[in-house]
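For reference, the structure discussed in these notes is given below.
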Amino acid sequence: MAIKVRIPTPLRKITNGSDEVAAEGCNISEVIENLETNYPGLKERICEADGKLRRFVNIYLNDEDIRFKKNLETELKENDEISIIPAIAGGKF
Amino acid sequence: MSYMKALKCRECGKEYAKEALHVCELCFGPLEVIYEYDKIKEVLTREIIEKRAPNMWRYRELLPLDNEPSVGAQVGFTPLVRAHNLGKALGLKELYIKNDAVNFPTLSFKDRVVSVAISRARELGFKIVACASTGNLANSVAANAAACGMESYVFIPYDLEKTKIMGTIVYGATVVGIKGTYDEVNRLCSEIAGKYGWAFVNINIRPYYAEGSKTFGYEIAEQLGWKLPKNIIVPMAGGSLITKISKSFKEFIKLGFVEDTGTKVFGAQATGCSPIINAVKEGSELIRPVKPNTIAKSLAIGNPADGYYSAKVMRESGGWGESVTDEEIISAMKLLAETEGIFAETAGGVTLGVTKKLIEQGRINKDESVVVCVTGNGLKTQEALNGHLSEPTIINSRLSEFEDLVKANGKEYVVKA
């Protein structure tokens, strides 16, 4: 499944400056693993050692916070858009 | 002499130099100022503090500046009022109001954080200060920037109380009203801060700014005779004040200035915007953002930056949180005014309303000391009372008309022959 991922400024060093990258996966976890393969080092920036999302990292699927869906297990469909956003920048409703 | 050591990530512990940073680049956690407490303990005593001028800088060793403050020399040391009348009305033995409605210069506790933030911004070489605000911060940034000759930009939700907008523009600030909620204003400001490189007091200067709130707690402890209250009720918007009051008490304990008597910390929000209270009641670590709808506009932050840590402070201290409706807010504002002669803004109504509720629920012990935090002035949010107060009686300037009025009111007074 092809997914679009928006990258926040502090992580763009890892994505060679890109603010949007393409990734593959059927749920958020798979997308993160796929990003890690293509951009090594990205996963540890957004996840704890046990794989859980860091507290001050928000991931939005099409503008909805995944914590209020199925979190990392949230399923994805073709052409979904994911945004990774530092919590401190403010969230959405 | 500065005792500020570094900035440190509250989440992963990574340390950073004392610059204009607020987010950990490693894990995105918020950064906090750390101090050399061992050295502070060698130079600072209660007696030294007591001899200093009555303003918040009497605790300067515990504030994040490298040099002397350059703005707001008179801020703080507001009254801690022993509220006998209100205490009686609520059935409390020992009630105090910490009254920042009379803080200098803009009548809210924000003067504390802003004088620290702007002084620090100047140390870091900034020429322009800015903020995202629900009103009180706007007033304070504009006034304090004017006082030290800096240019200021203030970003607010466009539908704020008129008094708060005028009380910002009058100081010569550039005021931008954003069509959206505070959270949307904040989001835009994060982008502007990144692009323009200005000192946004509550964004890129936030670690320093937030430390100013500690002085609210230090003063309470000192004014209680170097004692901590058993219960304290704090209004919450972004949740920074409640965490810093808690930090101030812990620092005083660490320095040996007060005994650890187990203060229960309670948080107050309006029911129309209570994301932190919801999390406390659900026992959840997650703060679910809400869309605010309340007359307590100064507390209308739907996505509180320090929500997680605020909930933690309440939980760990044995406190709790409650919320009140707009009607309860207004009735509490009137109660405070009628019993103590203190006209607090809507947020004060929230805090007192919640206090009342917590007493009714038995969460606050009526025999213990209680401090209610009033953080802003009622003159700024008068429109909230429209239609809720009686109208003045209009008469002609004739004694007979006045006497008819007295008679109509059914009252009798002793009169001279």
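Relative contact order for chain A: what is it in percent, counting Cα pairs under 8 Å that are at least 6 residues apart? Can you show the working numbers first?
Values: 149 pairs, mean separation 33.3, N = 93.
It rounds to 36 percent for chain A.
Entry note, chain B: the mean residue ellipticity at 222 nm calculated from DSSP H runs of n ≥ 4, each adding -39500 (n - 2.57), is -11500 deg cm²/dmol after division by the residues and rounding to the nearest 500. Per-residue mean of foreign Cβ neighbours for A:54-64 is 3 (Cβ atoms of other chains, 10 Å radius).
DSSP finds beta bridges in chain B, and of those with both partners inside it, around 30 percent are antiparallel.
Loop-located GluC sites (Glu not before Pro) across the range B:326-417 with a Cβ neighbour count of 11 or fewer within 10 Å are B:Glu412, with loop assigned by DSSP. Could you check which residue among B:Ala132, B:Ala347, B:Ala73 shows the biggest mean-square fluctuation in a GNM of chain B with a 10 Å Cα cutoff? Greatest mean-square fluctuation among the candidates belongs to B:Ala73.
Computed on chain B, with alpha-carbon pairs under 8 angstrom and 6+ residues apart, the relative contact order is 15 percent.
When you restrict to C-alpha pairs under 8 Å that are six or more residues apart and normalise by the size of the range B:122-270, the relative contact order lands at 19 percent. A straight Cα-to-Cα reach below 17 Å connects B:Lys334 with the aspartates and glutamates B:Asp326, B:Glu345, B:Glu383, B:Glu391, residues fewer than 8 places away in its own chain not being considered. Computed from backbone phi with θ = phi - 60° and the Karplus coefficients 6.51, -1.76 and 1.60, the 3J(HN,Hα) list for the range B:40-55 is 4, 4, 6, 10, 10, 10, 4, 5, 5, 4, 4, 7, 7, 4, x, 8 Hz; x is used for glycine and proline.
Mind checking the range B:237-321 for GluC sites (Glu not before Pro) that DSSP puts in a loop (not H, G, I, E or B) and that have at most 14 other Cβ atoms within 10 Å? Those that pass, being in a loop and sparsely packed, are B:Glu259, B:Glu285. Computed per residue of chain A from DSSP H runs no shorter than four, each worth -39500 (n - 2.57), the mean residue ellipticity at 222 nm is -4500 deg cm²/dmol.
Expressed in nm to one decimal, what extension gain is obtained for the pair B:Glu327 and B:Leu188 from 0.36 nm per residue of sequence separation less their Cα-Cα distance?
46.8 nm
Placing +1 on the Cβ of every Lys and Arg and -1 on the Cβ of every Asp and Glu, with no other charges, gives the range A:2-89 a dipole of roughly 380 debye about its Cα centre.
Can you order the peptides B:235-241, A:42-48, B:55-61, B:153-159 by their average number of other Cβ atoms within 10 Å per residue, highest first?
Listed from highest to lowest mean packing, they are B:235-241, B:55-61, B:153-159, A:42-48.
Cross-link partners of B:Lys416 among lysines, defined as those whose alpha carbon lies under 21 angstrom from its own and excluding same-chain residues fewer than eight positions apart: B:Lys407. Here, the range B:1-109 yields an orientationally averaged convex hull projection of 10.1 nm² when only Cα atoms define the hull.
Under 20 Å from the Cα of A:Lys69, which lysines turn up, not counting those fewer than eight places away in the same chain? Partners found: A:Lys4, A:Lys52, A:Lys77, A:Lys92, B:Lys291. Other residues within the sphere of radius under 15 Å centred on the Cβ of B:Glu338, judged by their own Cβ, net out at +2 (K and R +1, D and E -1).
For the range B:85-172, the set of trypsin sites (Lys or Arg not before Pro) satisfying both a DSSP loop assignment and a count of at most 14 other C-beta atoms within 10 Å is given as B:Lys93, B:Lys127.
Please compare each pair in A:Lys43/A:Lys70; B:Lys254/B:Lys380; B:Lys14/B:Lys312; B:Lys247/B:Lys281 to a cut-off of 27 Å on the Cα-Cα distance and tell me which ones are over it. Don't jump to the answer; show the numbers that get you there.
Details: A:Lys43/A:Lys70 19 Å; B:Lys254/B:Lys380 38 Å; B:Lys14/B:Lys312 21 Å; B:Lys247/B:Lys281 23 Å.
Violating the 27 Å Cα-Cα cut-off are B:Lys254/B:Lys380.
Where the only charges are on Cβ atoms (+1 Lys, Arg; -1 Asp, Glu), what is the dipole of the range B:285-382 about its Cα centre, to the nearest 20 debye?
Values: 11 positive and 13 negative charges, 57 e Å.
In total the dipole reaches around 280 debye.
Bear in mind these aren't lab numbers, they're just calculated from the coordinates by the rules spelled out. Just so it is clear, the model here is predicted, and its values are computed rather than measured. Backbone-built Cβ (ideal geometry, glycine too); neighbour counts: all protein chains shown.
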